[in-house]
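Working notes, structure below.
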Amino acid sequence: MASQDSSSKFFSAFSLVAAIGAAAIAKKGLNTTWRATTGKNPPTNPADPDVGLGEAVMWAAVSGTMIGVVRMLAARRAAGYYAKSTGHLPPQLAKDGQDASKAPAASS
């Protein structure tokens with residue numbers, strides 16, 4: 001059990017580092033793309049009333065979506081690397097009932 005605990009902690013740390021690194025790279029790319037597209041720096045704080053509502057909403061939607069997707073992809077990549085290294089998925093990613101054949105029938 002101690003071995004599984006240590007591998008679980010390793011995966012958590014590895015996944016966290018991968019996600020933070022990917023988010024930082026994505027943010028840098030988003031900032032560059034925003035400047036190229038709009039000719040302005042992205043809003044530092046979209047909640048600031050001096051930032052136009054449309055610009056704030058667009059920045060929040062685009063940056064939130066992109067950073068979330070990149071972090072998820074990094075976590076999936078870390079899980080794949082972990083599975084190749086150990087021969088199994090980390091305990092945090094054990095089957096979670098997503099099998100459609102075992103789902104309860106829809107009731108009307």
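Just one of the numbered conditions (1) surrounded by 14 or more Cβ atoms within 10 Å (Cβ to Cβ); (2) over 17 Å from the mean Cα position of the chain (by Cα); (3) assigned to a helix (DSSP H, G or I) is not true of Arg71: (2).
Taken over region 1-48, the criterion of being modelled with pLDDT under 90, of a type outside the set (A, V, I, L, M) and open to solvent by 100 Å² or more (accessible area, probe 1.4 Å) is satisfied by Lys9, Phe10, Thr44. The set of residues in region 53-63 being surrounded by 12 or more Cβ atoms within 10 Å (Cβ to Cβ) and not acidic (Asp, Glu) consists of Ala56, Val57, Met58, Trp59, Ala60, Val62, Ser63.
The values are calculated or read from the model by the stated rules, or taken from the named source; none is laboratory data. Since the structure is predicted, the reported quantities are computational estimates derived from the model, not experimental observations. Using ideal geometry, Cβ is built from the backbone for each residue, glycine included, and neighbour counts are taken over all protein chains shown. With ligands, DNA and RNA removed, areas are computed over all heavy atoms of the protein, side chains included. Shrake-Rupley method; radii C 1.70, N 1.55, O 1.52, S 1.80 Å.
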